[in-house]
Amino acid sequence: MTDEMKSIAALPWRKSQRSEDKDCVEVALYSSAVLVRDSHDHAGGFLRFSVLGWRALLEHIDERN
């Protein structure tokens, strides 16, 4: 495991309080990025978004609901 992966694994990952242990994701801030991973598969990898990209995604999701 690389040093970066060790740092990412040690981050304080947050999960929505509304998830109620169902299928959901966890989010962590890392440097100037937002990381997203499956809350039930921590070793399965993650997506990396820029802060602007993350905001755009959230706005798009909000518009569709």
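Bear in mind these aren't lab numbers, they're just calculated from the coordinates by the rules spelled out. Here the structure is a predicted model, which is why all the values come from computation and not from measurement. When we count neighbours, we look across all protein chains shown, and the Cβ atoms used for this are built from the backbone with ideal geometry, even at glycine.
Of note:
- GluC sites (Glu not before Pro) restricted to the chain and DSSP loop, no more than 15 other C-beta within 10 Å: 20
- Sparse-neighbourhood loop sites, trypsin sites (Lys or Arg not before Pro) in the stretch 1-54 - DSSP loop, at most 11 other Cβ within 10 angstrom: 22
- When the charge dipole of the chain is built from unit charges on Cβ atoms (+1 for Lys and Arg, -1 for Asp and Glu) and taken about the Cα centre, the candidate among 60, 40, 50 whose Cα reaches farthest toward its positive end is 50.
- Cα long-axis angle, helix 51-64 against the chain (0 to 90 degrees, to the nearest 10): 30 degrees
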